[in-house]
Structure formats: structure tokens, C-alpha cells
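S.K.: The structure is given below, and queries will be raised subsequently.
Derivation of every value follows stated rules applied to the coordinates shown; laboratory data play no part. Keep in mind that this is a model prediction, so the values were computed, not measured. Methodologically, a virtual Cβ is constructed for each residue, glycine included, from the backbone with ideal geometry; neighbour enumeration extends over all protein chains shown.
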């Protein structure tokens, strides 16, 4: 069902694929895209950029299959408008500051902020260089951000109208009467949240002693084709090396964002790392947990972990989480229509060992406590679990979830 006009700020990877998703779903009667600058020689160049993609092919084939013809027509250079599969799309090329974008003039209620620049919800609308709040000043009622929030001033109070959600995990925490700015987190956090939640639900936060993850991540637009000297003040010199020729160690904010989506994770020691590899899309999370087992029960094993994921996938009627027994490679999950996490059940691993804890090293230990316990060591069975989860970090694993969040927020507007 069409829900009025959608605004999109930016025309990068997520914005472009969001257009594909919304046009395919017919979720809005009109889409207004603000680029804020001239593109190529005119509107036809914008249309060609939207229409063709080096990873996913052409827009018309994505929507209608391999026999389809071009679906972009009725280009009007003066108004910046075109028709994409029957949906009017208007391209704005004049201003870049969110507060100056004429959303109100186009009847836009919901704006997708996908430039990657305006991520701090604590900044006022008139902040130098622009702010995500500028969209609200310009007439939008709700803003959905395609990245995790980034707050520069760590002492600034958290605004009550901003929240981070992941569909299928905590989307119901969104209150349309309260929240105006919503982060859809990152592609990695979306996959990770769907991997960790079934295990949290089964074992409980008290039994998960530690957790860590590493994402083997496809290249993103922030990386360079060829080596380049870093800009002044840059501290991570690896980001200035060619992604064509290298595997790059980098950082990820997935651990911090995950705690915003699943607060229980704050009670678990959690480390997240990222490795960039030279492929277009198709990423992998390797999740490692230490789980305390009960001495009088069978230890956690591979079959149990896989069954937890199988059961969770069956309960997930939206298809956000899938379980696979196949031996996949990254290209197998590119363009998958729905899932943000595809568990590679074939590779699930577990190993149980008895760990001896020295009680004298614990907080609160005293000689009196030692006399009561009559021992200074205790043996605890601990199982290490390794689970693998694929995600298409651009289209299905993230943009689909981003689109779901945008559509549900628009549907809640009164």
C-alpha cells in the first residue's frame, strides 16, 4: 500500500538500493532524492546510475526478471523528475544542508538519511556543516539513519527522541509518539543481533561468560582503489591502502551498537573486530562464545546450537534469520531476498572443557569466605561455541532491513 512521499538524502550505495527496494515494493507514491549537487551532464546520467549496478545488475531485471525492459521513463530535466516503474522520482540538486532541503514542499513525512555524514542526534538543526535534526526543521516528521549513531561530544546527554533498532529484534522499542530519529544500526549489527539473540534467549545472559566476533567484510565506499597519502590527522593508515590488493584490519562499532539493541549484552564481555577483503559484497560473521554448562547436564554441543538456530528460523515469519546446511561461499548469499543472517550450520563448532577457577582471585574473597567454602578452587564446565553467519551487507542483509524499518515507521504516522 502506497504511503505518500519518501525523502532520501544522498545517492550512495544504500540510497540507490533503497530506491530499488521501494520502487519494487510500491511502498510510497513518490520518492524525492536529494543529491545536493550536479551529477554528470544531466538527469539522464542520474537515471543511468540508478538503473545499472555492477553488483546486482539492472533495476528492471531486479524488479521484473530477466525478460524485462527499461522501467525508467518520462525524464524532465527542468523539474528533475522521472518515472521509475510507475513511481514518480524527483531528484533535487541544489542544497546539501538537511535544514535547507525543501521536504515540506514535496509533502515528505519520512526521510532516509544515507549520506553517512549526519549521524549525531545530539547536534542542533543549525549546527555548522549540518545536522540530522535539520531534516525535522525542513518539514520531515521522522528520520531513519542508515548507519549507527556517532556522537562527537561524549558528555552530551542522550536525546530522548533518538533510538537504535534492528527489525526482528527490538523494533517494538520504537515509539512513534516519542522517537523522531531512528538508527537502523549497521549491516554487521543487524546480522550479529539475529545471531546472538537466539542464544541469549536459550542460555540466558548469566551463562554466557564472554563473547567475541570478527566480521570478514566486503569493501565499502570508504576504501581506496589505489594507495594514497593520508589526510592530515588520519591515524589509521591502512584505510589509505588499495583494497584491490590487500586484506585490511580495521575496526567496527558493532559491539557498542549491539548493546543499544540488546541491553543485556552490557553484562557480557564482548569484543568485535573487522577484516576487509577485496570483494564487492557478501560478508561473514564468526561468533565465538564461552557458555557455562551445568555439571549435571549434557554439555553444549553442535547439534544443540544448530537446533536453537533452526527453531529460531522457524519462528521468524519474516525470514530475517535463516539456517543453512549447505556449504556456502560468499556469492551464494548475495542478493538473497530477505535474510540479514544466514547461519552456516555445516561449520558450527563446540568444545567443552573443565575450567579451574582460583577463588582467592575473585572480588569479595576473604579468609572467612575461604573457611566457609573449605576450598580455594572450583571446577566449572565451559563450552566454547563458534557459529558462522553470512550476510549480504548491501542489498538483502541491510537495505532490505532498512526498507522494512522505513515502511513500518511510515505506516505508524497519524
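S.K.: Using packing as a proxy for protection, rank 121-128, 73-80 so that the peptide with the highest average count of other Cβ atoms within 10 Å comes first.
M.R.: Most protected by this proxy first, the peptides run 121-128, 73-80.
S.K.: Something else now. Calculated from DSSP H runs of 4 or more alone, at -39500 (n - 2.57) each and per residue, what is the 222 nm mean residue ellipticity of the chain, nearest 500?
M.R.: Taken over the chain, the calculation gives -6500 deg cm²/dmol.
S.K.: Set the Förster radius R0 to 41 Å, insert the Cβ-Cβ distance between residue 314 and residue 79 as r into 1/(1 + (r/R0)^6), and round the FRET efficiency to 0.05.
M.R.: E(calc), rounded to 0.05, equals 0.25.
S.K.: May I ask you to sort 360, 165, 41 by Cβ crowding, counting other Cβ atoms within 10 Å and putting the fewest first? Don't skip to the end; give the middle numbers.
M.R.: Numbers: 360 12, 165 24, 41 8.
If I rank by nearby Cβ atoms, fewest first, I get 41, 360, 165.
S.K.: Name the residue, out of 274, 356, 83, whose mean-square fluctuation peaks in a Gaussian network model built on the chain with Cα pairs under 10 Å.
M.R.: 356
S.K.: Report the residue, chosen from 170, 97, 240, that carries the largest GNM mean-square fluctuation when the chain is represented by alpha-carbon nodes joined by springs under 10 Å.
M.R.: Result for the chain, Cα springs under 10 Å: 240 fluctuates most.
S.K.: Let me ask something else. Could you work out the relative contact order of the chain? I mean the mean sequence separation of Cα pairs under 8 Å and 6+ apart, divided by the number of residues, in percent.
M.R.: Once normalised by length, the contact order is 15 percent.
S.K.: Moving on. Once R0 is set to 25 Å, what does the formula 1/(1 + (r/R0)^6) return for the Cβ-Cβ distance between residue 25 and residue 93, expressed as a FRET efficiency to the nearest 0.05?
M.R.: Values: r = 26 Å, r/R0 = 1.03.
In this case the efficiency is close to 0.45.
S.K.: Further question on the same structure: Residue 153 to residue 277: extension gain in nm, 0.36 nm per residue of separation minus the Cα-Cα distance? Intermediate results must be reported in sequence, preceding the final value.
M.R.: On the way: separation 124, 0.36 × 124 = 44.64 nm, distance 3.20 nm.
Stretched fully, the residue 153-residue 277 segment lengthens by 41.4 nm.
S.K.: Quick one: grab the alpha carbon gyration tensor of segment 318-414, order the square roots of its eigenvalues as a ≥ b ≥ c, and give me rounded if a/c is under 1.5, else prolate or oblate depending on whether a/b is larger than b/c.
M.R.: Oblate.
S.K.: Ranking request for peptides 337-348, 5-16: highest mean number of other beta-carbon atoms within 10 Å first, then the rest in descending order.
M.R.: 5-16, 337-348
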